[in-house]
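Throughout, read-outs are computed from the coordinates displayed, never taken from laboratory work. Keep in mind that what you see is a predicted model, and the values were worked out from it rather than measured. FYI the Cβ positions are ideal-geometry reconstructions off the backbone, even for glycines, and counts take in every protein chain you see.
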Amino acid sequence: MTEFTPKRRSFIIGAGSALLVSFLPFKAFAQGPTAVCSRAGQKIIFKGKNYVCTKSKGKLAWSVLAPAKPPILIHPTPSSAAPAPATPAATPSHTPPAPAKTSSSPAPAPTPSKVSGYLVAHLSELTDGQSKVVSAKDLTGQLKFIALYLAGNVVIAHSAICTHQGCTVGESGKQLACPCHGSVYNAQTGAVEQGPAPLPLPAYKVAQIGNDIYIV
């Protein structure tokens, strides 16, 4: 009668585990988007690659399109864009080159191959100097309301949820206005211009790939 010593038992368990792994599909171990695929046509970027949600045999799944091929441009948050209006007064000589540098310098900042985010709008839908409020599902499937503002070639994004009592703000040219209690925000900086809102709108980081605008 065979006696199962601790060493023999460990060997059998290890061999069995290896055999089981060899029969499991490779896809189970492949790294892919962890985002929720909720509707056909939904687009995301995951670690620098474009994915689209497709429906096959009644099931939704992510399909990789290709590495993002226009380059991924990372647009600055309003916190870095906000000082721009104050700069011309102190150093007028630097005012003209500032917009051009802002649109080109952020491009290589974060490593594009590691960028992940969800599609919220297209650049062609925005008007320079005007606010636009959009809604989109984030990587966890939660609906988000986002206020976009185009300043030259730079897309600026904020949460569109009023910091007073959580109402969704509306577009109002260069401003964002809360329909509930009258708070008004600067669409470019997110700053409160009229209360009762106690805090500015939280900012988002933006990634642009060609005509597509993502929140990352």
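Summary table
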quantity	calculated
Sorted by Cβ density within 10 Å, fewest first, the residues S124, S183	S124, S183
Spin-label model distance (nm) - T54 vs A66, 7 Å beyond Cα toward Cβ	1.5 nm
Proxy reagent accessibility, fewest Cβ within 10 Å first, across D212, D138, D128	D128, D138, D212
Shape category assigned to segment 108-182 from the gyration tensor of Cα positions, a/c cut at 1.5	oblate
Förster radius 22 Å - calculated FRET efficiency between C167 and T127, Cβ distance, rounded to 0.05	0.35
